[in-house]
Structure formats: structure tokens, C-alpha cells
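The values are calculated or read from the model by the stated rules, or taken from the named source; none is laboratory data. All values derive from a computational prediction rather than experimental measurement. Note that each Cβ is placed from the backbone with ideal geometry, even for glycine, and that neighbours are counted across all protein chains shown. Keep in mind that these areas ignore ligands, DNA and RNA; they rest on the heavy atoms of the full protein, side chains included. Shrake-Rupley method; radii C 1.70, N 1.55, O 1.52, S 1.80 Å.
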Amino acid sequence: AQRVTQPEKLLSVFKGAPVELKCNYSYSGSPELFWYVQYSRQRLQLLLRHISRESIKGFTADLNKGETSFHLKKPFAQEEDSAMYYCALSAGSNYKLTFGKGTLLTVNP
Amino acid sequence: SAVISQKPSRDICQRGTSLTIQCQVDSQVTMMFWYRQQPGQSLTLIATANQGSEATYESGFVIDKFPISRPNLTFSTLTVSNMSPEDSSIYLCSVPLLPTSASGANVLTFGAGSRLTVL
């Protein structure tokens with residue numbers, strides 16, 4: 001069975017500082033990895049997925065199969081990045097997602 | 001992408017009662033998913049609701065506790081039966097964000113959730 005681990009429940013940084021939200025997974029096959037974000041009083045929404053290899057709102061994430069990681073990074077955090085971030089894994093083409101417990105990011109002014 | 005409306009947005013219920021949560025989508029979708037998020041926990045898939053057939057439940061979830069209806073391609077309900085305080089959670093409806101033909105289309109969009117508190 002697959003598992004997604006986000007080791008940090010809380011992460012606090014100052015505006016302009018780099019931020020890295022960690023995500024590790026366990027799955028024997030080739031997973032599809034996602035980052036979802038939930039801003040205050042908003043619904044959960046997709047931030048990015050590994051196959052797109054794109055930067056969204058300055059965030060990037062690289063799938064490292066050797067380390068089974070999919071860490072989310074941004075070089076200069078902004079206050080509006082404060083939100084709950086969830087890493088998720090899909091093990092097949094069936095839309096079933098396994099989520100991590102989430103990391104609450106707070107960007108201080 | 002599809003827009004999902006869920007109701008109720010929140011409710012407080014008594015132990016032993018049942019509550020039905022509704023999920024309405026503004027476009028036709030083949031698959032709808034119900035997730036649960038218990039306090040401090042991650043989202044867990046309860047079941048996949050398929051139109052015209054029985055829902056497919058994940059391990060640890062049973063139809064008697066979480067009966068699901070899917071009368072058409074835009075609507076589904078999840079009932080939480082015989083509730084106990086352990087059922088206090090946020091229940092979320094989700095549907096595919098992209099058409100099934102899209103490459104890497106394992107992307108979901110979510111409703112705002114229904115926050116259930118059982119006393």
C-alpha cells in the first residue's frame with residue numbers, strides 16, 4: 001500500500017526567505033505526485049503535479065525517485081503563501097489519491 | 001473545470017442519528033469521490049460513486065455506515081449513519097478536474113466540504 005509522509009505539521013518562515021515543504025512517499029510502482037493547497041476559508045485546490053514540471057506561484061517540486069521525495073520549494077516566500085499544503089500520490093489512472101497529513105505554512109511579515 | 005456545491009456546509013448532530021450530505025456538480029462527470037478528513041488527519045478516500053452502479057468502498061468503510069447514492073451524472077449523496085463522536089470530520093466531495101482523455105488526468109477538484117460535529 002502507498003503512503004505519503006509530511007514530517008512537518010507546522011512551518012514558519014519570514015517573508016523573502018526560502019521555503020521547503022517536505023514530502024516523502026512509499027510506493028513500489030511509478031507514482032504520480034501532487035501538491036494541493038488550502039488557503040484560509042477556501043477549498044482545497046491543486047497547486048502543481050510532477051508530470052507538468054512547471055512553476056506555479058513561484059513554487060516548484062521535483063520528483064526524486066531515489067529518495068522517494070517530492071519536496072515543494074519556493075526561493076522567496078510571500079505572506080500570501082500562508083496556507084495548508086498537502087502532498088498526494090496517485091498509484092494508477094483511477095483518480096484515487098493518498099494524502100499526507102499536511103503542513104501548515106505561515107509566512108511572517 | 002467543474003464547480004462543486006456541497007451542503008450542508010456544517011452541522012451539529014446528536015449521537016445515533018444520520019445525516020445526508022449532498023454534492024452537486026455543474027457538469028456531467030462519470031466518477032465522483034467522497035473523502036473524509038478527521039481532525040488533525042489527512043484526507044482519506046471513503047468511496048467512489050459511479051452512476052448507475054453500486055459505490056466502490058475503500059478498506060475500512062462499509063455501505064451500511066456510509067450509504068451513497070448517485071442518481072445521475074451531476075449529483076451524489078453520502079449518508080453518515082448512526083453517528084458517533086468519532087464520525088466528527090470534514091466530508092469532501094471531489095470530481096476529476098480534467099477530461100479523462102487528458103494526459104496524466106489523475107487530478108481532482110474538491111468541494112468546500114461539510115464539517116460534521118457529533119455530540
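Scanning the range B:33-53 for residues that are part of a strand (DSSP E or B) and open to solvent by 20 Å² or more (accessible area, probe 1.4 Å) turns up B:Arg36, B:Gln37, B:Thr44, B:Asn50. The condition of being touching a residue at least 12 places away in the same chain (Cβ under 8 Å), out of contact with any Ser or Thr (no Cβ under 7 Å at 6 or more places or on another chain) and part of a strand (DSSP E or B) holds for A:Glu20. In the range A:51-107, counting only strands (runs of 3 or more DSSP E) that sit wholly within it, the ones holding 1 or more residues that are open to solvent by 30 Å² or more (accessible area, probe 1.4 Å) and hydroxyl-bearing (Ser, Thr, Tyr) span A:97-99. The range B:73-113 holds strands (runs of 3 or more DSSP E) entirely within its bounds, and those carrying 2 or more residues that are modelled with pLDDT under 95 and more than 11 Å from B:Gln22 (Cα to Cα) map to B:89-96, B:108-110. For A:Ser69, are the conditions met, namely being out of contact with any Leu (no Cβ under 9 Å at 6 or more places or on another chain), within 18 Å of A:Thr5 (Cα to Cα) and more than 14 Å from chain B (Cβ to nearest Cβ)? For A:Ser69, the condition - out of contact with any Leu (no Cβ under 9 Å at 6 or more places or on another chain), within 18 Å of A:Thr5 (Cα to Cα) and more than 14 Å from chain B (Cβ to nearest Cβ) - is not met. For the range A:23-40, a residue qualifies if it is part of a loop (DSSP other than H, G, I, E, B) and closer than 16 Å to A:Thr98 by Cα, and the qualifying residues are A:Cys23, A:Tyr27, A:Ser28, A:Gly29, A:Ser30, A:Pro31.
What residue, of B:Val95, B:Val80, is under 18 Å from A:Leu44 (Cβ atoms), in contact with a strand residue (DSSP E or B) (Cβ under 9 Å, 6 or more places away or on another chain) and either more than 9 Å from chain A (Cβ to nearest Cβ) or not polar (S, T, N, Q) (or both)? Going through B:Val95, B:Val80 in turn, just one is under 18 Å from A:Leu44 (Cβ atoms), in contact with a strand residue (DSSP E or B) (Cβ under 9 Å, 6 or more places away or on another chain) and either more than 9 Å from chain A (Cβ to nearest Cβ) or not polar (S, T, N, Q) (or both): B:Val95. Tell me which residues, restricted to the range A:92-109, are in contact with a strand residue (DSSP E or B) (Cβ under 7 Å, 6 or more places away or on another chain) and at the interface with chain B (Cβ under 10 Å from one of its Cβ atoms). Hits for the range A:92-109 are A:Tyr95, A:Lys96, A:Leu97, A:Thr98, A:Phe99, A:Gly100, A:Gly102.
Taking the criterion of being closer than 28 Å to B:Ala112 by Cβ and modelled with pLDDT under 95, the residues of the range A:12-35 that qualify are A:Pro31, A:Glu32, A:Leu33, A:Phe34. Looking at this structure, is B:Val62 modelled with pLDDT of 90 or more and assigned to a loop (DSSP other than H, G, I, E, B)? Criteria met by B:Val62. If I ask for residues that are at pLDDT below 95 and either of a type in the set (S, T, N, Q) or open to solvent by 70 Å² or more (accessible area, probe 1.4 Å) (or both), which ones from the range B:6-32 would you list? Residues satisfying the conditions are B:Asp26, B:Ser27, B:Gln28, B:Thr30.
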